[in-house]
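Everything on this sheet refers to the single structure shown next.
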Amino acid sequence: MSTTTAEPKSRQANLSSEELQRYSRHLTLPEFGKEGQEKLKNASVLLVGAGGLGSPAATYLAAAGVGRIGLVDFDTVEASNLQRQILYGTSDVGRPKLEAASERLHDLNPHVEVERHEVRLTSDNALDIIDDYDVVADGTDNFPTRYLVNDACVMTGTPNVYASIFRFEGQVSVFATEDGPCYRCLYEEPPPPGLVPSCAEGGVLGILPGFIGTLQATEVIKLLTGIGKPLIGRLLMVDALEMNFRTLNVPTNPDCPVCGTDPSVTELIDYEAFCGINFDGSENGSSDDVSDSKDSVPEISVHDLKQRRDDGDAPFLLDVREPYEAEIASIDADQLIPVDQLEKRLDELEASKDEEVVVHCRSGGRSAKATKMLREKGYKASNLAGGVLAWSDEIDPNVPQY
């Protein structure tokens with residue numbers, strides 16, 4: 001038995017006869033029993049993000065009998081979500097995620113109260129929302145929200161069960177407990193903008209968030225009931241391709257700017273500015289194509305590009321996505337050079353240096369970064385606003401979205 005338990009901030013209620021039957025497989029576990037189940041019934045968990053990680057975490061926490069589950073998300077269900085976000089079905093496409101999620105969780109377990117926070121978590125609302133729950137499960141996939149959740153958890157004294165995924169790998173840990181490190185002890189500063197691709201850019205194996213989100217839910221239940229040894233001070237790293245598990249020790253940093261002995265960050269800050277990006281939300285309040293340069297480069301709309309093509313005055317169109325993305329969806333670019341290879345392959349564009357160059361990617365972030373670099377090198381470059389997604393939405397719906 002662990003001595004680390006998240007003390008409930010909510011109610012004290014006993015199990016009904018129907019609940020005793022529903023949770024009988026828990027009750028027969030000597031380490032769990034009726035006491036553990038009542039702790040779950042009286043507990044509250046906030047899931048930040050109802051996407052790939054939030055879907056399995058919410059499903060298993062509801063099935064397990066956590067009495068009050070809060071969901072933070074402001075997206076609608078898209079067809080591309082269904083490969084991994086198991087809270088939703090085809091009939092939910094176009095619906096607000098939280099509307100569909102709450103229906104599914106209530107159907108799974110009517111004894112669970114589901115609270116919807118259909119907002120983007122910000123420095124203005126995070127403390128009030130998080131302070132009302134016993135444990136937070138962070139399922140976001142962007143750095144500004146991760147740092148925001150971490151700092152708000154430290155400031156409210158709320159344990160933060162962290163998980164992240166990318167391609168075939170995942171991580172899980174427990175931060176912001178009284179005797180353990182926080183996320184900033186591990187990652188004091190975010191990586192430079194654009195260095196780490198999002199899941200939309202890099203992809204993710206559909207089953208991976210189910211796997212990692214279930215581990216995340218397991219850590220939540222351990223914290224709420226006091227059983228086992230939570231991942232406090234440890235980072236579990238999973239490689240699904242090799243089916244390899246590694247655990248790294250994460251010490252508490254006494255100089256941590258948030259949880260250290262003399263913290264310099266004592267109130268929530270502007271996390272988009274801290275991470276050096278402009279934020280535009282997508283899955284889990286994330287950003288698929290974020291860049292610090294979107295507002296500092298000239299843009300051309302998809303309608304203007306279409307008109308110029310129709311008039312026979314088409315500019316040189318450069319695609320800075322990955323080759324596999326171009327196989328999924330194409331708007332007939334003249335050349336493809338992935339953004340991270342562009343500077344080394346500028347000689348391939350030398351013949352177009354005196355031409356107007358329009359740069360595009362999936363939704364406009366990577367291409368903005370590439371446009372800024374090209375202009376610094378003397379090219380007459382502009383960014384295609386909205387990228388392939390805007391072309392599909394506004395010009396040609398036959399171009400697939402991904």
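The values are calculated or read from the model by the stated rules, or taken from the named source; none is laboratory data. This is a predicted model, so every value here is computed, not measured. No Cβ is skipped: glycine too gets one built from the backbone with ideal geometry, and neighbour counts run over all protein chains shown. Surface areas here come from the heavy atoms of the whole protein model, side chains and all, with no ligands, DNA or RNA. Shrake-Rupley method; radii C 1.70, N 1.55, O 1.52, S 1.80 Å.
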Can you bin the stretch 1-125 into rounded, prolate or oblate? Criterion: square roots of the alpha carbon gyration tensor eigenvalues sorted a ≥ b ≥ c, rounded for a/c under 1.5, prolate for a/b above b/c, oblate for the rest.
-> prolate
Give, as a single signed number, the net charge of other residues whose beta carbon lies under 15 Å from the beta carbon of Ala137, with Lys and Arg counted +1 and Asp and Glu -1.
-> -4
State the antiparallel share, in %, of DSSP beta bridges confined to the stretch 1-135, rounding to the nearest 5.
-> 10 percent
How do the peptides 212-220, 346-354 rank, highest first, by the average count of neighbouring beta carbon atoms within 10 Å per residue?
-> 212-220, 346-354
Amide H contacts under 5 Å for Leu47, restricted to residues at least 5 apart in sequence or on another chain and with H modeled in the peptide plane, are Gly70, Leu71, Val72, Ala137
Note down the accessible area of Phe168, probe 1.4 Å, to the nearest 10 Å².
-> 80 Å²
Heads up, I need the accessible area for Arg22: 1.4 angstrom probe, whole protein in place, Å², nearest 10.
-> 100 Å²
For the peptides 171-183, 82-94, what is the packing order when you average, over each peptide's residues, the other Cβ atoms within 10 Å and list the highest mean first?
-> 171-183, 82-94
Just reorder Leu71, Leu29 by solvent-accessible area, largest first, 1.4 Å probe, all chains present.
-> Leu29, Leu71
Size of electric dipole in the chain: Cβ of Lys, Arg +1 and of Asp, Glu -1, about Cα centre, debye, nearest 20 = 1380 debye
Largest to smallest accessible area among Glu169, Glu356, Glu325 [probe 1.4 Å] = Glu169, Glu356, Glu325
For the chain, with all protein chains present and a 1.4 Å probe, just round the carbon and sulfur fraction of the accessible area to a whole percent.
-> 48 percent
Cβ crowding within 10 Å averaged over residues, with 243-252, 43-52, 332-341 ranked highest first = 43-52, 332-341, 243-252
Each label sits 7 Å from Cα toward the beta-carbon; between Ile269 and Glu103 the label points are separated, in nm, by 4.3 nm
By the gyration tensor of its Cα atoms, with a ≥ b ≥ c the square roots of the eigenvalues, what is the shape of the stretch 58-155: rounded for a/c under 1.5, prolate for a/b over b/c, or oblate?
-> oblate
Compute, for Ile227, the solvent-accessible surface of its heavy atoms (probe 1.4 Å) with the complete set of protein chains present, and express it in square angstrom to the nearest 10.
-> 30 Å²
Solvent-accessible area per residue for the stretch 31-118 (1.4 angstrom probe, square angstrom) | 35 Å²
In the chain, what percentage of the DSSP-assigned beta bridges are antiparallel, given to the nearest 5?
-> 40 percent
